[in-house]
Amino acid sequence: MNDATRAAIVDLLKNGATPEDVLAQLPDVSVGEIAAIAESEGLTRAHAKPVTATTPDIDPQLASALGALAWGENSHTSRIRNLAVRTRAGLTELRQLQRDASAIEAAEREVAEATQKLTSAQAKLRRLKNGGKAAKPTALPSGGQAPADKRQRDEIRGWARAQGMNVSQVGSISKEVMDAWNNRNNKLPSVPVQRRAR
């Protein structure tokens, strides 16, 4: 912000202009810059017309930070200007990340809704193909339950390998392995036959 713009803001505020009035005449300045100038010049809300209800209250710390940023960008010291440039770039990147995160959340909600609709439509199609009846439950392997989740399938695979059985790393578990797993507690321990000494 140059000195002429700052002077114009000060004049408008001294004449009782609200931040909305200033923004209408000087659209290139921010509300934070206006607030910072009003604070530094003693033209706080007590000396100006109250802001209308449609304009949100500005956090004083945010207004101060934005004022410092505007001051830094117009500083005569290169180190301060560079810091202000990096700060504004960081804020711009943060705003973009926020927009991206909001877009991702919205897309995830759309996917969840579409998935729910697809699941309902598939269930309806299965009922219609089945003459309006609910689909029959999938038959389980003989001797017990099918593995319910990945943790249980991993447990079954580990147990089968310990028994010396051949079991795949992924995919369905064979009926032979499932039968052995489901009957693992029903096996009688083998007792070696002892020969009598002659």
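Each label point is 7 Å from the Cα along the Cα-to-Cβ direction; what then is the distance between the points at Glu39 and Ser174, in nm?
7.5
Please work out how much accessible surface Val167 shows to a 1.4 Å probe, ignoring ligands, DNA and RNA, in Å² rounded to 10.
Val167 exposes around 20 Å² with every protein chain in place.
Go through 66-74, 11-19, 149-157, 97-105 and give me the packing order, highest mean Cβ count within 10 Å leading. Mind showing how you got there, number by number?
On the way: 66-74: 18.3, 11-19: 16.8, 149-157: 13.1, 97-105: 10.0.
So the peptides 66-74, 11-19, 149-157, 97-105, ranked by packing, come out 66-74, 11-19, 149-157, 97-105.
Could you order Ile173, Ile9 by accessible surface area, starting with the largest, using a probe radius of 1.4 Å?
Ile173, Ile9
Using a basic spin-label model with each label point 7 Å from the Cα along Cα→Cβ, how many nm lie between Ala4 and Ser102?
3.5
The values are calculated or read from the model by the stated rules, or taken from the named source; none is laboratory data. Worth saying up front: this structure is predicted, and the values here are computed from it rather than measured. Positions of Cβ are backbone-derived with ideal geometry, glycine not excepted, and every protein chain shown enters the neighbour counts. Just so you know, the surface numbers come from the protein's heavy atoms only, side chains and all, with ligands and any DNA or RNA stripped out. Shrake-Rupley method; radii C 1.70, N 1.55, O 1.52, S 1.80 Å.
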